[in-house]
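Peer 1: Here it is, the structure, as structure tokens.
FYI, it's all coordinate maths here, none of it is from the lab. Keep in mind the model is a prediction, meaning the values are calculated, not measured. Neighbour counts are summed over all protein chains in view; Cβ atoms, including those assigned to glycine, are modelled from backbone coordinates with ideal geometry.
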Amino acid sequence: MSTQTDTDETDVRHFIDVDDLSRDELFAVLDRAAAYKLAQQNGEDHADLAGKTLGMLFQKPSTRTRVSFETGMTQLGGHAIFLGADDIQLGRGEPLKDTSRTLSRYVDAVMARVFKHENIEVLAEYADVPIVNGLTDDAHPCQTLADLLTIREHFGGFEDVSVTWIGDGNNVAQSLVIGCAITGIDLTVVTPPEHAVDEDVIERAAELGETPTTTTDPLEAVEGANVIYTDVWVSMGQEDERDTRLRRFEGFQVNESLLAAADDPVVMHCLPAHRGEEITDDVVESEQSIVFEQAENRLHAQKALLATLVE
């Protein structure tokens, strides 16, 4: 795992994007996540972070991120503290670097869900404890951990698995590109030209050994796909672009007609879903949908990540 901060005694490891884990470390986190999932199902104790505290810093609201991290720390024997922007001094103008240095003296790790990616980088630069990226405008690596765990569960591994991302080249897509590159998944990304994945993300994937196929043709992109994955077309903070985005994404909806062009794929969505926009209600509720297994796996993957960083 890459190191961003040095302390007097040891290296502090952060998780800002998926490639902060090496391939071996990523697979070890997924193995541990699977073990935690089985332990929970069997009612077995796995309090590996007893006495530890996670600070959860939210500039953006969330359902899955907050509940999965808070529940995860409880199941690991620790404690989580919710810190909304209006609950702490950030809302009154305190610099992020001061917040980071102060929290480092109280908690054992910080999960931050923020808007600008540079904000998570500032937190990591000044922290003496692990910083976990719970989402930025550029990346959502915790979602990718859950996605990879879900794909591995369903297909028994990553070899010969073909994934098609359809829709917006957003933060979820960009972390997925990196995760697929590390694991060797064959990824196709299909977006309108105006909403492609950032070129630097494609270059990072190439350096990791796997360059995704990119296209603007949804029907071509889903042919032969084992997994079709989508996300909302209008994310938080983009509401004023809604009408323009809906026009640009016409023809990119994941619906029964699109699925018919593939060979019996499973369907993923990181949620929340805008049913009737990027995906239809009947697809979400279909037997091909694994979106709720995917949502559950946020819990198990994040527990494994936290235990790896904090222990």
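Peer 1: I want to verify a result. In a Gaussian network model of the chain, Cα cutoff 10 Å, which of these has the top mean-square fluctuation: L246, L26, L103?
Peer 2: Of the options given, L246 has the highest mean-square fluctuation.
Peer 1: Taking the Cα centre of the chain as the origin, how large is its charge dipole in debye, to the nearest 20, when only Lys and Arg (+1) and Asp and Glu (-1) carry charge on their Cβ atoms?
Peer 2: Once rounded to the nearest 20, the dipole reads 1060 debye.
Peer 1: If you take every DSSP beta bridge fully contained in the chain, what fraction is antiparallel? Give it as a percent rounded to 5.
Peer 2: Of those bridges, close to 5 percent are antiparallel.
Peer 1: For the range 181-255, treating each Cα as an identical point scatterer without solvent, what Debye log10 I(q)/I(0) comes out at q = 0.14, 0.19, 0.20, 0.23 1/Å?
Peer 2: After summing over all Cα pairs, the log10 values are -0.52, -0.91, -0.98, -1.16.
Peer 1: Between the range 287-307 and the range 136-205, what is the separation of their alpha carbon centroids in Å?
Peer 2: 16 Å
Peer 1: Among V283, L309, Q294, whose Cα sits farthest toward the positive end of the charge dipole of the range 270-311 (+1 at Cβ of Lys/Arg, -1 at Cβ of Asp/Glu, about the Cα centre)?
Peer 2: Projecting each Cα onto the dipole axis, the largest value belongs to L309.
Peer 1: If you don't mind, there's one more thing I want to ask. Among F155, F292, F27, determine the one that fluctuates most according to a GNM of the chain built with springs between C-alpha atoms less than 10 Å apart.
Peer 2: Per the Cα network of the chain with a 10 Å cutoff, F155 tops the list.
Peer 1: What number, in percent, do you get for the relative contact order of the chain if the mean sequence gap of Cα pairs under 8 Å and at least 6 apart is divided by its residue count?
Peer 2: 19 percent.
Peer 1: At E118 and S286, where each label point lies 7 Å from the Cα along Cα→Cβ, what is the point-to-point distance in nanometres?
Peer 2: 4.3 nm
Peer 1: What is the distance, in nm, between label points placed 7 Å from the Cα along the Cα-to-Cβ direction at R247 and at E159?
Peer 2: 4.9 nm
Peer 1: Ranking request for peptides 53-59, 156-162: highest mean number of other beta-carbon atoms within 10 Å first, then the rest in descending order.
Peer 2: 53-59, 156-162
Peer 1: Going by how many other Cβ atoms sit within 10 Å of their own, how do S100, S289 line up, fewest first?
Peer 2: Listed from fewest to most nearby Cβ atoms, that is S289, S100.
Peer 1: How large is the helix-only mean residue ellipticity at 222 nm for the chain, computed as the sum of -39500 (n - 2.57) over DSSP H runs with n ≥ 4, divided by its residue count, in deg cm²/dmol to the nearest 500?
Peer 2: -12500 deg cm²/dmol
Peer 1: If you take every residue apart from I81 with its C-beta less than 12 Å away from the C-beta of I81, what net charge results, scoring Lys and Arg +1 and Asp and Glu -1?
Peer 2: -1
Peer 1: May I pose another question? When only C-alpha pairs under 8 Å and at least 6 residues apart count, what is the relative contact order of the range 141-295, in percent?
Peer 2: 23 percent
Peer 1: On to the next question. Most fluctuating residue of T244, T65, T280 in a GNM of the chain with Cα springs under 10 Å: which is it?
Peer 2: Largest GNM mean-square fluctuation: T244.
Peer 1: If you don't mind, there's one more thing I want to ask. Pop a pseudo-label 7 angstrom from the Cα along the beta-carbon direction at both D240 and E125 and give the gap in nm to one decimal.
Peer 2: Spacing of the two 7 Å Cα→Cβ label points: 2.7 nm.
Peer 1: A follow-up question, please. Using a 10 Å cut-off around each Cβ, can you sort V107, V132 from fewest to most neighbouring Cβ atoms?
Peer 2: With the fewest neighbours first, V107, V132 line up as V107, V132.
Peer 1: Enter the per residue convex hull volume of the range 141-295, computed from alpha-carbon coordinates, in Å³ rounded to the nearest integer.
Peer 2: With only Cα atoms used, the range 141-295 gives 100 Å³ per residue.
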